[in-house]
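Here's the structure, in structure tokens; my notes come after.
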Amino acid sequence: FKYVASIVLLCFSIVIVVALIFTGNTRVSKATNPWVALIVMTLAVVWLSMIEGQQASLVGLPPVDPDLYKDTHPITYKNAAL
């Protein structure tokens, strides 16, 4: 039930935000084209999710033996070695 409720709330939130953007109820969509505001918002959310994933990796990986992911995930290995 929690997963379904989460997906429903996520979809509801996306619909509300996109509707607000295309009706000009945000500062960016008033100043520019609503499509620009939608693209900027989407890129910001994607960038934030990548940063959050990196933070979770840096917090969660130290107790794991680095040899387990050294060959399969070399970029992660280099980041965790810092």
Check your understanding: Over the chain, what percent of the accessible surface lies on carbon and sulfur atoms, probe 1.4 Å?
Key -> 73
Check your understanding: Lys/Arg Cβ at +1, Asp/Glu Cβ at -1, dipole of the chain taken about the Cα centre: which of 16, 75, 6 is farthest positive-ward?
Key -> 16
Exercise for review: Give the angle, between 0 and 90 degrees and rounded to the nearest 10, that separates the Cα long axis of helix 2-22 from the longest principal axis of the Cα atoms of the chain.
Suggested key: 50
Check your understanding: How much length is gained if the chain between residue 42 and residue 8 is pulled fully straight, taking 0.36 nm per residue apart and subtracting their Cα-Cα distance, in nm to one decimal?
Key -> 10.3 nm
Check your understanding: So which residue, out of 48, 38, 68, gets the largest mean-square fluctuation from a GNM of the chain using Cα contacts under 10 Å as springs?
Key -> 68
Check your understanding: Hey, what angle do you get for helix 34-60 against the long axis of the chain, alpha-carbon based, 0 to 90 degrees rounded to 10?
Key -> 20
Check your understanding: Here are some values of mean projected area of the Cα convex hull in nm²: (1) 6.5; (2) 4.6; (3) 8.2. Which one was computed from this structure?
Key -> (3)
Practice item. Name the lysines eligible as straight-distance cross-link partners of residue 70: C-alpha to C-alpha under 23 Å, and not fewer than 8 places from it in the same chain. Key: 78
Check your understanding: Which value, in Å², gives the accessible area per residue of the chain when a 1.4 Å probe is used on the protein heavy atoms?
Key -> 84
Check your understanding: Do the sum for the chain: with -39,500 (n - 2.57) for every DSSP H run of n ≥ 4, divided by all residues, what is the mean residue ellipticity at 222 nm, to the nearest 500 deg cm²/dmol?
Key -> -24000 deg cm²/dmol
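The values are calculated or read from the model by the stated rules, or taken from the named source; none is laboratory data. Predicted model only: the values in this text are computed from it and were never measured. Backbone-built Cβ (ideal geometry, glycine too); neighbour counts: all protein chains shown. Side chains are part of the model used for accessible areas, which takes the heavy atoms of the whole protein and leaves out ligands, DNA and RNA. Shrake-Rupley method; radii C 1.70, N 1.55, O 1.52, S 1.80 Å.
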